[in-house]
1. Return the lysines within reach of K136: Cα separation strictly under 21 angstrom, same-chain partners fewer than 8 residues apart disregarded; answer none if there are no such residues.
2. Assign one of three labels to segment 123-174, namely rounded, prolate or oblate, based on the Cα gyration tensor with a ≥ b ≥ c the square roots of its eigenvalues; rounded applies when a/c is under 1.5, prolate when it is not and a/b is larger than b/c, and oblate otherwise.
3. If you place +1 on the Cβ of every Lys and Arg, -1 on the Cβ of every Asp and Glu, and leave all else neutral, what size is the dipole of segment 3-108 about its Cα centre, to the nearest 20 Debye?
4. So if I place +1 on the C-beta of Lys and Arg and -1 on the C-beta of Asp and Glu, and nothing else carries charge, what would the dipole magnitude of the chain be about its Cα centre? I want it in debye, nearest 20.
5. Lysines within cross-link reach of K6: Cα-Cα under 17 Å, excluding same-chain residues under 8 positions apart?
6. Give me the distance between the Cα centres of segment 191-269 and segment 1-66, rounded to whole Å.
7. With n ≥ 4 as the cut-off for DSSP H runs, can you work out [θ] at 222 nm for the chain, using -39500 (n - 2.57) per run divided by the number of residues, rounded to the nearest 500?
8. With N set to the residue count of segment 3-108, report its C-alpha Rg divided by 2.2 N^0.38 Å to two decimal places.
Amino acid sequence: MSGISKGLADFYNRHYPDRINLAIRDDREITSGWETELYAFSVEFEEGGRLIREERVARLYPGKYAAEKAAKEFGVMSKLSEAGYPVPEVYDLDTEGAYLGKPFIVMERIKGGTVEDALRVSGEAGRERLIGVLLKLFVDLHNLDSKKVFPDNEIRTTAGYVEGVIDRYRRGIADQGIPWMKPLIDWLDARRATITSADVSVLHRDFHPLNVMLREDESPAVIDWGASSVGDYRDDLAWTILLSSTFGDPASSDMILEGYREVSRHEVEDIEFFEVMAILRRLTDLTVSLRSGAEEMGMRPGAVEMMRAAKGHIQGVYDLLIARTGIRLPEFEDLLESL
């Protein structure tokens, strides 16, 4: 029995004592990405003379604030489900880390694969349909009543949200010893008063095809809500555009933006400002992780090696910074050179 199987068996026997002859079967790691640590498994037990088999996934949380992140994601997914937004069902939460060595949640296992998987094997018509599914999910998320998911949120305006982000990064670069990021923060600070206002929305903050699953009946479910928050929807949109254009086709940024406008039926103003906010987030995360280790940012072991392998993406983000702002960061160029 693997360590994961034993830990899960101990957890289930402790929390579900009425389940007879309980056993954990077929556990295997299905981890992908820089942050995610996932294990698929089946739990079997007898109930009313019948053998029950449930397909589940455990998500483990590494690094600082792991317990808080586990509790947050469990709560956010529960509230999203109650609000009618398509997410995997969540069943269990452990914040102590005594069973698997790290805090974790247990959720529905979706066997149909990701939208990214489906895009790779789809023809043109299939790709258009899948992109339409993604964009509708994105717009629907931003149209949700944020109070249903984050009832204690106090952010009410774009101005308040942007000010909070800038202040947080200004403190962060001092705490992390990267004051050379200041020109980028100053660029945002000098322009924030000109940004048009929008209603606050639930933000996923890492929305892309790998984080949307398709069940066998092709119904979607959005995963990975650990970074979710409330804010201006353009911050979410700009992050997705940044990932798509620097990991894949640079022309995809226009396609995503136009598609979002079409589905939402409204103009998206000042997106370039939010693109620079997304660049700040990416460059800061990369710098801290590469200098201090992945756990500093709550990422899984091995994430730094994955970052080094994605040098083309990192270079693309930096090139976009120069194109959007004219700012160069010699210290980050040195970091790039060292990869």
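All of the numbers you see were taken from the coordinates with simple rules; none came from a lab. Keep in mind that what you see is a predicted model, and the values were worked out from it rather than measured. Reconstructed Cβ throughout: ideal geometry from the backbone, glycine too, with neighbour counts over all protein chains shown.
1. K79, K147, K148
2. Numbers: a/c = 3.97, a/b = 1.87, b/c = 2.13.
Judged from the Cα gyration tensor, segment 123-174 comes out oblate (a/c at least 1.5, b/c at or above a/b).
3. Values: 14 positive and 20 negative charges, 42 e Å.
In debye, rounded to 20, segment 3-108 gives about 200.
4. Working: 42 positive and 60 negative charges, 76 e Å.
With only Lys, Arg, Asp and Glu charged at Cβ, the dipole is about 360 debye.
5. Reachable lysines: K102.
6. 32 Å
7. Values: 13 runs with 170 residues, N = 339.
Using -39500 (n - 2.57) per qualifying helix, the result is -16000 deg cm²/dmol.
8. Working: Rg = 14.0 Å, N = 106, 2.2 N^0.38 = 12.9 Å.
My calculation over the Cα atoms of segment 3-108 gives 1.08.
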